[in-house]
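First up is the structure itself, then whatever we jot down about it.
The values are calculated or read from the model by the stated rules, or taken from the named source; none is laboratory data. Because the structure is predicted, anything quoted here is derived from the model rather than measured. Note: accessible area is taken over every heavy atom of the protein model, side chains too, but ligands, DNA and RNA are not part of it. Shrake-Rupley method; radii C 1.70, N 1.55, O 1.52, S 1.80 Å.
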Amino acid sequence: MANDVMNRNFDFFDPMNFFNEVGNLGHDMFSGESDMKTDVVEHDKDYVVTAELPGFKKDDIHVDYRDETLRISGKSEVSQSAKDDDGRILRQERHSQNVARSFYLPNIDLKQVKASFTDGVLTLTLPKQTEVEDNHKISID
């Protein structure tokens, strides 16, 4: 009998399974599901930034560049739910989420930036400025 009790709910008490079994207690907090998965690749002439934004629409995404920092943010709101004849929610798995990321990418040629959003993936190509004047001589009077 003691063996049955220990074996019956072993997964429930397994520390590796704890957050998955207890009503998904840590689902949003630990899974990183609300994070924006992003890759930043530097080439000789440009940066390519790829961000996964599943469930977002193009109009829900904001991208800007200032102070040599690229900022990507998104706000997704879904308000659909399944209801029975009495209007009670049986199960609701839709949620709203806000995500934002910032990346320091200096010397961008803003006139040549290209952006596309296809199948939940935002791709930005940010060409580097070819001539950057960072050596300023100051005359002393």
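Tabulated data for the structure shown
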{"item": "Amide hydrogen neighbours beyond the local backbone of LEU53, cut-off 5 Å, H modeled", "result": "VAL121, LEU122"}
{"item": "Members of LYS37/LYS114; LYS37/LYS75; LYS57/LYS128; LYS75/LYS111 lying beyond 22 Å, as alpha-carbon distances in this model show", "result": "LYS57/LYS128; LYS75/LYS111"}
{"item": "Largest to smallest accessible area among TYR65, TYR47, TYR104 [probe 1.4 Å]", "result": "TYR104, TYR65, TYR47"}
{"item": "Accessible surface, 1.4 Å probe, highest first, among residues GLU77, GLU52", "result": "GLU77, GLU52"}
{"item": "Per-residue SASA entry for VAL48, accessible area with 1.4 Å probe, Å² rounded to 10", "result": "40"}
{"item": "Amide H partners (placed H, <5 Å) of LEU105, local residues excluded", "result": "THR69, LEU70"}
{"item": "Residue-by-residue Karplus 3J(HN,Hα) for the range 57-62, coefficients 6.51, -1.76, 1.60, Hz, glycine and proline x", "result": "9, 4, 6, 8, 10, 10"}
